Amino acid sequence: MAATPIPAGDFDRRLGEWAVDPALVQRLYSYYCELMRWNERISLVARGDVETVVERHFVESLAAVPMVPEGARSLLDVGSGGGFPGLVLAAVLPGLDVTLVEARDRKWAFLKRAAAVAGIRANCVRARIDVPGLRAERCIPGRVDLITIRAVRISMPVWQALTDRLSPTGRILAWAGRESPELPSPFLTVEEVPLAGSVRRLICFERRSQ
């Protein structure tokens, strides 16, 4: 049996400072309810995270909003899974062209359904994140201003293929635990934010030449 979603008022309260726009809260709550409906079938979030999914996944995704440059136009979310952070950021920043990349069929189907139900504009691409796939996949933008990655391990060749798509002033936002991801040498950490209640961090990378 699927977990029962918390009431809308509780969801609003748990969002904290982000619960300022009723339309945004409604989009996120619709997405959350769809996530709860699908989770028992395809395990979008771990069983231990179901009770704290708002804080653990929604709020941690929203922590990236201040790191998005004002002029950014496009975002590529790698290994989107249950939609964190990409679908959340698409909801709160509707001016961004957001592409969610997910290799697994059922999770890709969930992303398409959740985006439609919640009225969130996002391009959901079913593709495997490997070097040949990135080079051949025409649905993935050739140039992006932001790359986001959370709970996905990526090899150095794939990182290189991803960063080749990043605009000269683009940023990479990575959710990490105790260990930071290893990126190609031109990239430096420019900002790091601890995530409340855990050892996880949100790290912002930019090219060294800036």
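The values are calculated or read from the model by the stated rules, or taken from the named source; none is laboratory data. Note that the structure is predicted; figures quoted are calculated from it, not measured. When we count neighbours, we look across all protein chains shown, and the Cβ atoms used for this are built from the backbone with ideal geometry, even at glycine. Just the protein is used for accessible areas: all its heavy atoms, side chains included, with ligands, DNA and RNA removed. Shrake-Rupley method; radii C 1.70, N 1.55, O 1.52, S 1.80 Å.
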Assigned charges on the beta-carbon of Lys, Arg, Asp, Glu; the chain dipole about Cα centre (debye): 640
Packing-based ranking, highest mean first, of 189-199, 89-99 given that Cβ atoms within 10 Å are counted: 89-99, 189-199
3J(HN,Hα) from dihedral phi, the range 159-174, Karplus parametrisation 6.51/-1.76/1.60, rounded to Hz, x for glycine, proline: 4, 4, 5, 5, 5, 5, 8, 7, 4, x, 9, x, 10, 10, 10, 10
Could you tell me how far the Cα centroid of the range 77-94 sits from the Cα centroid of the range 145-206, in Å? 15
Relative to the first principal axis of the alpha-carbon coordinates of the chain, what is the inclination of helix 22-42, with its axis defined by its Cα atoms, in degrees from 0 to 90 and to the nearest 10? 90
Could you give the C-alpha radius of gyration of the range 98-210 expressed as a fraction of 2.2 N^0.38 Å, taking N as the number of residues it contains? 1.12
Fraction of antiparallel bridges per DSSP, the range 60-210 only, in percent to nearest 5: 40
Helix-only [θ]222 nm of the chain, DSSP H runs n ≥ 4, -39500 (n - 2.57) each, per residue, nearest 500: -9000 deg cm²/dmol
Can you give the extra length, in nm with one decimal, that the chain gains between ARG153 and GLU17 once fully stretched, where that is 0.36 nm per residue apart less the Cα-Cα distance? 45.9 nm
Cβ-based charge dipole, the range 1-61, positive-most Cα from SER43, PRO5, TYR31: SER43
Let me spell out the model: positive unit charges on the Cβ of Lys and Arg, negative unit charges on the Cβ of Asp and Glu, origin at the Cα centre of the range 1-107. What dipole size does that give, in debye rounded to 20? 320
Using the Kirkwood formula over every pair of different C-alpha atoms, what hydrodynamic radius in Å results for the chain? 17.3
Carbon and sulfur atoms: what percent of the 1.4 Å accessible area of the range 67-210 do they account for? 48
Convex hull (Cα only) mean projected area of the range 1-124, reported in nm² to one decimal: 7.0
What nm distance separates the two modelled labels at ALA3 and VAL65, each placed 7 Å from Cα along Cα→Cβ? 2.2
Answer in debye to the nearest 20: the dipole magnitude of the range 33-91 about its Cα centre, from +1 Lys/Arg and -1 Asp/Glu charges placed on Cβ, is 160
Probe of 1.4 angstrom, ligands and nucleic acids ignored: what's the accessible area per residue over the chain, in square angstrom? 49
Cα convex hull of the range 55-139: how many Å³ per residue? 100
Can you give me the Kirkwood hydrodynamic radius for the range 43-91, using every pair of distinct Cα atoms, in Å to one decimal? 11.7
